[in-house]
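These notes are about the structure you will find just below.
The values are calculated or read from the model by the stated rules, or taken from the named source; none is laboratory data. All figures in this text were calculated on a predicted structure; none of them were measured in a lab. Glycine also receives a Cβ, built like all others from the backbone with ideal geometry; neighbour counts cover every protein chain displayed. Side chains included, ligands, DNA and RNA excluded: accessible areas come from the protein's heavy atoms. Shrake-Rupley method; radii C 1.70, N 1.55, O 1.52, S 1.80 Å.
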Amino acid sequence: MKKLATIAAFIAGLLTIACGDKDFRSYQSLVERELKKPRVDSIFFGISLAMPVKQFYVHCWDLNKQGLFTDGMGNTKINYQLVNQELDHPADMNFYPAFIDGKIASMEVLFQYHGWGPWTRELNSDKLLPDVLQLFEKWYPGGNPFISMEDPKRGKIYIKVDGNRRIILGLYDDTQVKADFSDLSQNTKL
């Protein structure tokens, strides 16, 4: 729980610095309005915020048996392969949640095109980011749109807040795009 609070404070600090006071105040107002609305817990593939840890493992095991999920990076994440023209090129989506009190409080997701190498510029993360943004606009069509903000370290990031669920999407490094799903009701300072 301490780790999640530290990460949340760090993100709030980055947003304040990155966006300037006016943009950050607009963002804070959006969060305050959304937290008064009904919960939005869906993440993807039947996984949701506040899902109990045991239910998460059983659900993922069932999807693994169906061939949808496999072992991910370093056997510490779950992998979903985006190969059915979901993106411009086949890609991997690796994810794993953080739990608070035995329930999902946040989810970190990393996307990377297959075949990336220093010589394959068309597979760099700066090409992948708009592709993932377009996919997320299909996966999460309702509610508020994604808003863009500038972050001094990550460049342009995209944020969507619906109810208690916040999604932040941005570059992670030259190869990967990172999406962070958070339950804002776990830390209302954001």
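Does any residue of the range 154-167 turn out to be among the β-branched types (Val, Ile, Thr) and within 22 Å of Val83 (Cβ to Cβ)? Checked the range 154-167: no residue is among the β-branched types (Val, Ile, Thr) and within 22 Å of Val83 (Cβ to Cβ).
Tally time: how many residues in the range 106-119 are farther than 17 Å from Val83 by Cβ and not in a strand (DSSP E or B)?
Of the range 106-119, the ones farther than 17 Å from Val83 by Cβ are 106-108, 117-119.
Next, from what is left, pick out any that are not in a strand (DSSP E or B): 117-119.
Within the range 106-119, residues that are farther than 17 Å from Val83 by Cβ and not in a strand (DSSP E or B) number 3.
Annotation note: of Asp131, Asp180, Asp101, Asp162, the sole residue that is of a type outside the set (A, V, I, L, M, F, W, C) and surrounded by fewer than 15 Cβ atoms within 10 Å (Cβ to Cβ) is Asp101.
Within the option set Ile168, Ile157, being touching a residue at least 24 places away in the same chain (Cβ under 8 Å), farther than 17 Å from Leu49 by Cα, part of a strand (DSSP E or B) and of a type in the set (A, V, I, L, M, F, W, C) holds for one residue only, Ile157. It is to be established whether one or more residues within the range 148-170 are within 26 Å of Leu63 (Cβ to Cβ) and aromatic (Phe, Trp, Tyr). Within the range 148-170 (the criterion being within 26 Å of Leu63 (Cβ to Cβ) and aromatic (Phe, Trp, Tyr)), the answer is no, since none of the residues qualifies. With respect to the stated conditions, Tyr140 is within 24 Å of Val31 (Cβ to Cβ) and among the aromatic types (Phe, Trp, Tyr). Sub-7 Å Cβ pairs linking a first residue in the range 139-151 that is of a type in the set (Asp, Glu) to a second residue that is open to solvent by 70 Å² or more (accessible area, probe 1.4 Å), at least 6 apart or interchain, are Glu150/Lys156, ordered by first then second residue.
Quick grid of which residues meet (1) open to solvent by less than 60 Å² (accessible area, probe 1.4 Å); (2) of a type in the set (A, V, I, L, M):
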{"site": "Leu110", "(1), (2)": "yes, yes"}
{"site": "Lys127", "(1), (2)": "no, no"}
{"site": "Asp173", "(1), (2)": "no, no"}
{"site": "Gln176", "(1), (2)": "yes, no"}
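Is one or more of the residues making up the range 36-46 in contact with a Ser or Thr (Cβ under 6 Å, 6 or more places away or on another chain), closer than 22 Å to Arg166 by Cα and of a type in the set (Phe, Trp, Tyr)? No, the range 36-46 contains no residue that is in contact with a Ser or Thr (Cβ under 6 Å, 6 or more places away or on another chain), closer than 22 Å to Arg166 by Cα and of a type in the set (Phe, Trp, Tyr).
Please pick out the residue among Leu4, Leu30, Leu15, Leu68 that is surrounded by 15 or more Cβ atoms within 10 Å (Cβ to Cβ) and at pLDDT 90 or above.
The match here is Leu30.
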